[in-house]
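**Q** Have a look at this one before I ask anything.
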Amino acid sequence: MSEQAWYKDWFNSPFYHKLYFERDDKEAAGFISRLIDHLNPLTESYILDVACGRGRHSRILAEKGFFVTGIDISFESIAFAKKYESQNLEFFQHDMRLPFRVNYFDYAFNFFTSFGYFKTRREHDDAIRTIANGLKPNGVFVIDYLNVHYSEDHLIYNETKKINGTDYEIRRWHDETHFYKKIMIQDPLLMHAIGFTEKVSKFSFGDFNDMLSYHGLQVQEIFGDYQLGNYDVRTKPRLIIVANKKLKAKN
């Protein structure tokens, strides 16, 4: 598996969904509800869910009455999500590094560290450009990322999980620029164990501020957890940035 394409293979794997979609849906729904209450968007707002996966967060937003578009690089995830399409909910298989729509969305969301996977900084800049260009003037972008310093201090290096008969052996480590997670999978349906290695960039607030400002997005607020508490570089687990698209964005 080539380094630059690990996310394509892993995100299309059924074992990815078995491992990660055990996450607490109640926590995710609570966070999104708090965020929407805080942002207070108009009911007729158009929202882009970037790296939407199977669309669980898009569905929450659509249930609140917004017009929601979800995009994701995974063909399998989008095929699953499309089963839930409705008058105000649509999904497309799309690479966030490539242009999508221009001056179309009132809000764009990127939830739960669904960023930082690409090989080069330029590719991440391309993704931010896609999002910035997709927003209307004064549109709002929210990115929810891991807090690098907190994650370094609280990294669980070795872990095992058993989910619905599938065994996951997880090993984590990091270097100066990335976090890594090696996942070995054993399942009765497999002839032998298979493995995937995740790689996520150590983007700090300064990194995001540079990328966002270059594409005309100005940081308005920063939160440090899913309760929208104040950000702290050492004590809070998340880096949640709310940015606004300036009237004259730099391209």
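The values are calculated or read from the model by the stated rules, or taken from the named source; none is laboratory data. Small disclaimer: the values here were computed from a predicted structure and weren't measured. Please note: Cβ atoms are built from the backbone with ideal geometry, for glycine as well, and neighbour counts cover all protein chains shown.
**Q** Going by the structure shown, is residue 55 at negative phi, in contact (Cβ under 8 Å) with a residue 12 or more places away in the chain and not β-branched (Val, Ile, Thr)?
**A** no
**Q** Let me ask something additional. From the list 198, 169, 176, 159, exactly one residue is more than 27 Å from residue 236 (Cβ to Cβ), out of contact with any Leu (no Cβ under 6 Å at 6 or more places or on another chain) and among the charged types (D, E, K, R). Which is it?
**A** Values: 198 fails: more than 27 Å from residue 236 (Cβ to Cβ); 176 fails: more than 27 Å from residue 236 (Cβ to Cβ); 159 fails: more than 27 Å from residue 236 (Cβ to Cβ).
Testing whether each residue is more than 27 Å from residue 236 (Cβ to Cβ), out of contact with any Leu (no Cβ under 6 Å at 6 or more places or on another chain) and among the charged types (D, E, K, R) leaves just 169.
Residue-wise test of (1) buried (at least 16 other Cβ atoms within 10 Å of the Cβ); (2) touching a Gly at 6+ places or on another chain (Cβ under 7 Å); (3) closer than 24 Å to residue 31 by Cα.
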{"residue": "49", "(1), (2), (3)": "yes, yes, yes"}
{"residue": "59", "(1), (2), (3)": "yes, no, yes"}
{"residue": "66", "(1), (2), (3)": "yes, no, yes"}
{"residue": "71", "(1), (2), (3)": "yes, no, yes"}
{"residue": "77", "(1), (2), (3)": "yes, yes, yes"}
{"residue": "123", "(1), (2), (3)": "no, no, no"}
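**Q** Within the range 86-121, track down each residue that is farther than 12 Å from residue 72 by Cα and either polar (S, T, N, Q) or not assigned by TED's automatic domain parsing to the domain that holds residue 74 (or both).
**A** Matches in the range 86-121: 86, 87, 88, 103, 113, 120.
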